[in-house]
Each structure stands twice: as C-alpha cells, then as structure tokens.
1. Please enumerate the residues belonging to segment 302-320 that are part of a helix (DSSP H, G or I) and surrounded by fewer than 14 Cβ atoms within 10 Å (Cβ to Cβ).
2. Working carefully through the options LYS403, LYS389, LYS383, find the one that is of a type in the set (Lys, Arg), over 16 Å from the mean Cα position of the chain (by Cα) and surrounded by 17 or more Cβ atoms within 10 Å (Cβ to Cβ).
3. Consider segment 80-94. How many of its residues are surrounded by fewer than 22 Cβ atoms within 10 Å (Cβ to Cβ), at pLDDT 95 or above and not charged (D, E, K, R)?
4. Which residue out of GLY37, GLY24 is at pLDDT below 95, out of contact with any His (no Cβ under 6 Å at 6 or more places or on another chain) and either under 26 Å from GLU135 (Cβ atoms) or part of a helix (DSSP H, G or I) (or both)?
5. Collect the residues in segment 331-363 that are of a type in the set (Asp, Glu) and modelled with pLDDT under 95, keeping them in residue-number order.
6. Suppose we filter segment 248-267 for residues that are touching a residue at least 12 places away in the same chain (Cβ under 8 Å) and not in a loop (DSSP other than H, G, I, E, B); how many remain?
7. I need the full set of residues from segment 231-247 which are loosely packed, with under 13 Cβ neighbours inside 10 Å, not aliphatic (A, V, I, L, M) and not in a helix (DSSP H, G or I), in order please.
8. So, restricting to helices (runs of 4 or more DSSP H) that lie completely within segment 43-120, which ones have at least 2 residues that are in contact with a Ser or Thr (Cβ under 8 Å, 6 or more places away or on another chain)?
Amino acid sequence: MTASSEPQAPVSLPVIGLAALTHGAYSGVDLQPVWNGLLTRVRNNAYDVGALMDMAIILQLTGQREQGLEAQRHALAQHRVYERAGPEGGLRLLAFVAPGDFMTNTPLDFLLEGSNITLIELYMGAGEPLPAIPEHDVAMVAIGESDSSRQLLEGLGPMLARWPKPVLNRNVKAIAAMTRDEVSALFADSQHVLSPRTARVSIGALERVAAGEPLVAPLAGMSWPWVVRPVGSHAGTQLEKIDGPEALCVYLKGLDATEAFVAPFVDYSGPDGLFRKYRVAVIDGKAYLSHLAISERWMVHYLNAGMDESLAKREEEAAAMASFDEGFAARHADALKDMSERFGLDYFAIDCGETPDGKLLLFEADVAMIIHSMDEPELYPYKGPQMKKLFAAFQAMLDRAAKA
C-alpha cells in the first residue's frame, strides 16, 4: 500500500479501555479470546493501533509490563488519541495523559464507571505538536507526578491558558510539585497536617552515611530510624525502615537506584498495635474514602494487609466508610481543607494515617493513585455503594465544569 492510498485515521481510535479489561481480569474472565481477537485485527490491519493499545493493557495485566509498554510505544508512534465511547449524547471528557503503566495517570476509566461519559485520551509528547483534537465538553489534566512527566506538565501550562473548553486540574505546577520532598516542605508549617521532613539524596550520600560519616544537609538533624525508598518507586518496592548506619549499609547492597527519598519513621500504630492506612480521594474539595487497609506491619498496602482473611478488619473498614463524613472527615476537616487550598487542584488523592495525638499523617499525594471498585462483592459488600458514591461525585464535578 502506498502512502497516498493509506487509510485516513479518524481523530480518535476506539478502544475497549483499562476498566473493562481490568474488571475482566480480576473477575476471572479468560482474556485469551479477547487477545486473539485483537491480534487478528492487528494482523489484518497494521493501522489498527487501537487494538494494539488494548493488547498493551492485557500484557501489563498478565505480568508482562515491559512488553506492554513496548506495544504502547508502537501504537503511540502511529496515533496519540484514543476513545472509550459512552452512550451517544453523554458528556465527552478529553484527558491529557502520559505514556506509561497503570500508575502514570489519573484512573479516569475507573472513576467514570457507571456513567455515560466518553473518555478521550490524548497522549502528550514532550515538544510534539498537538494532533487533531476531537470535540469535547470538558478537559482534564490526568498526568501524575514523576520525574519523567515533569517536562510534559510544564509544557501544558501555557497551552491550557488558552484552551477553549473548561479544564480541570489545570494547576500543572501543583501536580509537578507533588514529589515527596516538595510535599513535605509545603506542609512544614501546617498545624493540621504532619508530612514528615523528606530529603531527596544521592545513593553516594547514603553510602557515606553508611560508612560512618557525619550527617550533612539535607540529612543533618534527621533522627533514626529512617524510612528509605528509591525515587520513582511505588507499592512498597525497596521501601525499608532503617535503624542506623549498619542497617543502611546492608540495605544499599541490594539497591538498584541512583537517588532515594529519606524521611524519619513516624509510629502511627493504634492502641491495639495495628497500623491503618487510608486512601482518600478529594473531589472538588470534599473527601471520599476509597479504602482503609489495616495491618500488623507498619508498611501497609491493601493487598498485603490480610483484609481478605480477616472479617474483623473488613467490618472496621465497612464502619469507617459508613461513618466517614462524621468520623475521619470531621476529625480532619481542617487538615483536608488545608490540603485542598495548598494543592489548588480539583481532584487528587492521598494515602494517610493518624498519629496518636490526632494529626493527619500524610504519606503521599498525587492525582494518579489507583481508585477502583474491583474488590469481590461477596467479601466486600460495602465497597460497591461507597465507590458508586465516590464515582458519582467525580462525575458530577465534570458535569458542573462542563456547564460552567
């Protein structure tokens, strides 16, 4: 086929999308027939890169992250706008997104669950001109904070100043500044939010500490134990509590990184000795609980907290969701208000705990934290109604913005 006879691609290419494929994978649906159908489409039409984008998702869902990202790169080299269609006549949301895995962008496909909203994803490229833009009612910056996304976010600022439609999360400087060290500095003087002082340091600097050299800026005065994690890591990867230089030396031997975040450890265990981590979405200034993970270990993640195995933990989470507005949100109303004002974003999410003296302990903030409704309804019957409430609030925010 010659260049002149190549088919003209539409402005946006249709995809199945992240939410549908992920729900299928988590509920035990055999994705092999779906994969086979997508593969046939690509073999029959090399320009069907919408199918290739869905294949990239399936590869990541099945533990083949690098192969999935490679498939995504091939697709984006040919086309940068993809559409997961809703019913005709529904709101059309244009999302500015970045290439990457599931933790790169705001999980919009999940947040739009149950709605008639069409999601149009425009993959941004640093220094690349914009492709043709589909018709839309409202736009949103969905690119999460990372070293690799900073240039994309900075480039969006001037463009959004003259965008013809309403744009949510247009404060791209605030998103780019959601690094662990910058967030800790932002709340250093807060009376309501405890964000432990966090330093970004080279591995070389840590090696000198491990060798017994005195602490120098930015680590000077930071008391042990420390919480250390490589820059860019997520989900507890290579995250450790380090009691002193000797333990730091052991930790560094197995570390594959050039920089790390270092913060003092804060004991946030409750009177029963358990640790509780809340994931909270803040939508147009109002907080909604996404999950509460309860664990015997200080490093809490929902998947390793033993929630499936403990009825008592699930009952506590259900009670926290039922009483959230009168409980957690009321206790920390000043902290949540403080965060909304300082971040200046329409939507963001936090992982947090509570200190023994009643402060909100902020672990992390970003716009790209995973918020979903994929937990088994038999084990978690309370999750469905809670997530519908959260999703409805997000969708109502989009509707208000589109009509503004």
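The values are calculated or read from the model by the stated rules, or taken from the named source; none is laboratory data. Because the structure is predicted, anything quoted here is derived from the model rather than measured. Using ideal geometry, Cβ is built from the backbone for each residue, glycine included, and neighbour counts are taken over all protein chains shown.
1. Across segment 302-320, the qualifying residues are LEU303, ASN304, LEU311, ALA312, GLU315, ALA319.
2. LYS383 is the lone residue from the list that is of a type in the set (Lys, Arg), over 16 Å from the mean Cα position of the chain (by Cα) and surrounded by 17 or more Cβ atoms within 10 Å (Cβ to Cβ).
3. Here the count works out to 2.
4. One residue alone meets the criteria, GLY24.
5. Hit for segment 331-363 is ASP357, nothing else.
6. Total meeting the criteria: 10.
7. Scanning segment 231-247 gives THR237, ASP243, GLY244.
8. Here the list reads 49-61.
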